[in-house]
Amino acid sequence: MKSTQTTLPFGQRSQLYWDLLLGESFELLRRIYQIEPDVYKDNIKKLTEVLKLDKFIHTPVRHLSLGQRMCGDLAAAMLVGSPRNIKRSTPSIRTGFMMCFSCSVVSFIAY
């Protein structure tokens, strides 16, 4: 799968599945987009470390806070395409990230 250069997570349409655990949503996306297992494991390890997903990766998406869902959506976008650039669709996405994870997201974007 060829890597895209830019991702644009939209606040009104999540890639996460409401009734699944966050980690199960990632696994489902891996299967839908046919991401190689080794690439997936490497990417999820990096994303978990930088975005601190380990604190809530085993939580159903419907129970996540706005900031946690935004980080989950960012991680999902990064898993699918491994883009170089991240754009945001609305200021509310930035607000959602910054509510709980300002240091993590800043270090992630710098990563």
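The values are calculated or read from the model by the stated rules, or taken from the named source; none is laboratory data. Owing to the predicted nature of the structure, the values given are computational and were not obtained by experimental measurement. No Cβ is skipped: glycine too gets one built from the backbone with ideal geometry, and neighbour counts run over all protein chains shown.
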(request) Would you point out which residue out of 13, 94 is part of a loop (DSSP other than H, G, I, E, B) and either in contact with a Gly (Cβ under 9 Å, 6 or more places away or on another chain) or at pLDDT below 80 (or both)? (result) 13
(request) Given the conditions (1) surrounded by fewer than 17 Cβ atoms within 10 Å (Cβ to Cβ); (2) modelled with pLDDT of 90 or more; (3) of a type outside the set (Asp, Glu), report the number of the one that residue 25 does not fulfil. (result) (1)
(request) Would you mind stating whether residue 64 is of a type in the set (A, V, I, L, M, F, W, C), under 18 Å from residue 21 (Cβ atoms) and modelled with pLDDT of 90 or more? (result) yes
(request) Working only within segment 28-47, note down all residues that are among the hydrophobic types (A, V, I, L, M, F, W, C) and either within 13 Å of residue 61 (Cβ to Cβ) or surrounded by 16 or more Cβ atoms within 10 Å (Cβ to Cβ) (or both). (result) 28, 29, 35, 44, 47
